[in-house]
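Read-outs: derived from the displayed coordinates by stated rules, not from any lab. Keep in mind the model is a prediction, meaning the values are calculated, not measured. All Cβ positions, glycine included, derive from the backbone under ideal geometry; neighbour counts span all protein chains shown.
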Amino acid sequence: MADRVGIGVVGAGSIGIRGALMHLCLEDVQDKISLAAVCDPAPGRAKAAAEKFGVQNAYESCEELLADPNVHAITLGTPIGMHFDQGMAAIKAGKHIHFNKTMTTTAKEAKTLIAAARDHGIKIVSSPGQMTRPDNREIRRIIRSGELGKLAWASVGAAFGAYHEQEGLRTGDDPLSNINPAWYWRKPGGGPLYDMTVYGLHTLTGILGPAKRVTGMSGVLIPEREFKGEKYPVDADDNSFAILDFGGSTFAFVYGAAVGFVDAGFGRPSFFGTKGSIVGDKLNGEPVKFPGDDDGQSHYVRGRHITGEHRTMGEAHVFEDIMQLVDYVANGTLPNASAEHAAHVIEIVEGIYAAAESGQTQTLTTTFEDRE
């Protein structure tokens with residue numbers, strides 16, 4: 001392999017542009033990576049992205065990109081329902097993989113990818129790497145040290161609202177700004193649990209460890225959505241509520257709602273114990289302090305690669321996870337954003353839907369280990 005890791009960006013949609021191309025074209029990472037290729041089936045989109053961000057090659061299909069010998073690793077920014085097939089194809093092609101959230105739609109798919117990657121010597125990383133953040137690691141330390149006493153319950157969630165319809169890269173007329181968000185509303189892989197609650201679930205389980213059981217209720221609240229004057233049917237559940245069991249009578253309330261949210265900050269759980277509480281980023285009403293917290297920057301954009309201009313840009317956490325893969329490929333540094341953690345969160349989402357359909361509490365079988 002060359003000194004630099006050749007990155008292929010699969011999907012020049014909103015996350016491919018904001019989370020990968022805009023960051024990876026900056027000068028400060030060119031000693032580690034090269035933007036080898038980008039692909040997208042939308043007419044003219046890959047070519048326009050390549051020209052704008054200085055990518056070496058543009059393709060209309062993932063198959064063409066995977067055949068490019070200059071591509072050593074890929075970042076998958078395609079709809080979630082496509083991740084498994086594209087991930088398996090990448091493994092067979094010998095390419096390392098960063099999966100944008102959510103890694104797959106089922107835990108079985110995630111475990112199959114993990115096993116195949118191991119068998120083929122392929123390294124994989126899966127967003128969102130919420131535990132790269134030092135504030136989340138400090139909250140984990142506080143809770144596990146017993147400072148809150150015995151933990152009684154926690155809560156976390158997110159709401160769909162009209163977020164994707166209003167993103168800037170969807171409101172224009174050219175190939176890089178007319179990106180249709182309709183897949184977010186359809187099965188497989190659509191809905192707020194896969195799309196947004198996944199952040200909070202990674203944080204919650206990263207702090208408390210793997211959950212043991214889940215039960216919940218779920219359904220479609222808004223059966224039709226509109227984008228640029230067209231109506232789109234909704235068949236992915238957009239209003240889901242669940243209870244997680246972490247053992248020892250410690251429970252968590254989790255939601256992926258159509259509208260509304262509990263104000264603890266996006267992706268930030270709240271925790272309530274017999275001796276105190278953490279609500280968002282406040283410990284008993286005072287900001288959580290952690291090593292290096294001395295410059296007033298947002299906790300959300302923290303990560304070992306998020307420096308300089310990256311700190312002021314959107315989707316910096318995606319860039320951080322991609323660079324974890326780069327380090328993993330280049331020097332074997334284990335990623336914080338592990339595929340095993342992603343598989344556990346996916347099993348929770350699956351469990352919520354299964355419990356809602358059957359009325360039965362679901363036992364969770366996946367697990368993962370902490371990584372710094």
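Some notes on this structure:
- Most simply put, the chain has about 55% antiparallel DSSP beta bridges, counting only bridges with both residues inside it.
- Order by protection proxy (mean Cβ within 10 Å, highest first), peptides 168-175, 324-331: 324-331, 168-175
- Packing-based ranking of 336-343, 63-70 yields 336-343, 63-70, ordered from highest to lowest mean Cβ neighbour count within 10 Å.
- Based on Cα atoms of the range 137-213, Rg over Rh with Rh as the Kirkwood radius reads 1.17.
- Adding -39500 (n - 2.57) for every DSSP H run of four residues or longer, then dividing by how many residues the chain holds, sets the calculated 222 nm ellipticity at -8000 deg cm²/dmol.
- Acute angle (nearest 10 degrees) that the helix 339-358 long axis makes with the longest principal axis of the chain, alpha-carbon atoms: 60 degrees
- Square roots of five times the Cα gyration tensor eigenvalues for the range 222-372, Å: 29, 23, 20
- Principal axes of the range 67-142: Cα extent on each, largest first, Å: 47, 28, 24
- With only the Cα atoms considered, the range 5-126 has a convex hull volume of 88 Å³ per residue.
- By average C-beta atoms within 10 angstrom, highest first, the peptides 352-359, 129-136: 129-136, 352-359
- Between the range 84-151 and the range 238-258, the Cα center-to-center distance that results, in Å: 20 Å
- Taking only Cα atoms of the chain, radius of gyration then Dmax in Å: 20.0, 58
- Cross-link pairs beyond the 28 Å C-alpha cut-off, checked among K101/K212; K111/K212; K52/K228; K101/K231; K108/K289; K108/K231: K108/K289; K108/K231
- The angle separating the long axis of helix 198-208 from the principal Cα axis of greatest extent in the chain is about 50 degrees.
- Bins of 5 Å from zero: percent of alpha-carbon pairs in the range 204-245: 6, 17, 17, 15, 14, 11, 10, 8, 3
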